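Heads up, the thing below is written out as structure tokens.
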Amino acid sequence: MKYKLFSLIAAAGLGVASSAHATLLIGGDAVSQASATSIVDIVFVIDTSGSMSDDITAIGAKASSVVSNLSCPNSDCYVRARFMSITSTSGIFNESVTSLVTGQGGIPVTNHQEDNGPAVTDLVNWYNWGTDALAGQNNYWAVVTIGDEGTQNGTPVDQADWDVAFQANQAAKNKGVFLFSWVADDPVTAAVPGLFQTMAVGGSGGGYTFSDTGGAYISGPLTDVTVEQQLEDIICLTGQGGTGGNNNVPEPGSLALLGLGLGGLAAFRRRQRS
């Protein structure tokens, strides 16, 4: 069994302009960064309104163990996973996107705790994405936006939500960031899942044609079992080059998963282990 590198450190210690107590988990299934096939920078950003409190707790309970015990089928990942809120903070999500942007002298487009779309745009534009891959390695970047309402100011889902979702989609596509959208539990309206899915994987809505960012759409209740599986699947899919939708060539195993969602990735991973 290979030794897995893991630590929980403050982002300020890495020279990242941000709050000194932001949660950054470093780990993966590579023995070291030097031996990794891929270096993953991934940011999980969540709506911290009251309806998301159970999801915040569920993710916070499993994040450390997932990053430290990661086992991906097609790559050896070195992972830097950040957990951020949108405007306020809660649990492991103890730094906001707005503070990240203002701390770097910028003006955030995000201004509401349920701005799941603008938060993506701000992260794509302002996060310190790593470019430290050596020969034979790849840097992969991802944002996972988690919510249960519209992408702008929460409910209802209207044209403004589609506008900011498209802006987020295009920002991610142009930067080469995989965008994952996660409607974790009980969406407030029936329009939320389609909005989040289109923002991440492409399609049409609000008068726009969205691009495939190479990420995925995730849904379903967050139990102790499912949140652990979903977190690992998201990170592993990022570490093997996404779905191939953002000008990246995924590892051969992930090509077979196109259209299957993260459930297909989980099944594939289990077959690889057996």
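Taking the options Ser53, Ser64, name whichever one is in a helix (DSSP H, G or I), closer than 17 Å to Pro221 by Cα and in contact with a Gly (Cβ under 9 Å, 6 or more places away or on another chain). Before the answer, list the steps.
Values: Ser64 fails: closer than 17 Å to Pro221 by Cα.
Criteria check complete, one pass: Ser53.
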If I filter region 54-72 for residues that are at pLDDT below 95, out of contact with any strand residue (DSSP E or B) (no Cβ under 9 Å at 6 or more places or on another chain), among the acidic types (Asp, Glu) and closer than 23 Å to Val188 by Cβ, do I get at least one hit? yes
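What number of residues within region 189-209 are of a type in the set (Phe, Trp, Tyr) and either part of a helix (DSSP H, G or I) or modelled with pLDDT under 95 (or both)?
Looking only at that region, the number is 1.
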Show the residue pairs meeting these rules: Cβ distance below 9 Å; 6+ apart or different chains; first residue within region 224-237 and closer than 15 Å to Tyr140 by Cβ; second residue in a helix (DSSP H, G or I) and among the charged types (D, E, K, R). Asp233/Arg269; Cys236/Arg269
Limited to region 90-110, what total is found for residues that are among the hydroxyl-bearing types (Ser, Thr, Tyr), modelled with pLDDT of 95 or more and not in a helix (DSSP H, G or I)? 2
Here is a list: Thr155, Thr131. Which entry is free of Cβ contacts under 8 Å to residues at least 60 places away in the same chain, assigned to a loop (DSSP other than H, G, I, E, B) and closer than 27 Å to Ala190 by Cα? Thr155
Could you please find all residues in region 35-93 being closer than 24 Å to Thr121 by Cα and among the aromatic types (Phe, Trp, Tyr)? Phe44, Phe83, Phe93
Inspect all residues belonging to region 135-147 and state whether any of them is surrounded by fewer than 23 Cβ atoms within 10 Å (Cβ to Cβ) and within 22 Å of Leu222 (Cα to Cα). no
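Hey, among Asp233, Asp212, which residue is modelled with pLDDT of 95 or more, part of a helix (DSSP H, G or I) and in contact with a helix residue (DSSP H, G or I) (Cβ under 9 Å, 6 or more places away or on another chain)? Working first, answer last.
On the way: Asp212 fails: part of a helix (DSSP H, G or I).
Just a single option satisfies the conditions, and that option is Asp233.
Considering only region 44-86, state which residues are hydroxyl-bearing (Ser, Thr, Tyr), touching a helix residue (DSSP H, G or I) at 6+ places or on another chain (Cβ under 8 Å) and crowded, with 19+ Cβ neighbours inside 10 Å. Before the answer, list the steps.
As a first pass, look at region 44-86 and keep what is hydroxyl-bearing (Ser, Thr, Tyr): 48-49, 51, 53, 57, 64-65, 68, 71, 75, 78, 85.
Checking which are touching a helix residue (DSSP H, G or I) at 6+ places or on another chain (Cβ under 8 Å) leaves us with 48, 65, 71, 75, 85.
Within region 44-86, Thr48, Ser75, Ser85 qualify.
The values are calculated or read from the model by the stated rules, or taken from the named source; none is laboratory data. Predicted model, so just to flag it, every value in this text is computed and none were measured. Methodologically, a virtual Cβ is constructed for each residue, glycine included, from the backbone with ideal geometry; neighbour enumeration extends over all protein chains shown.
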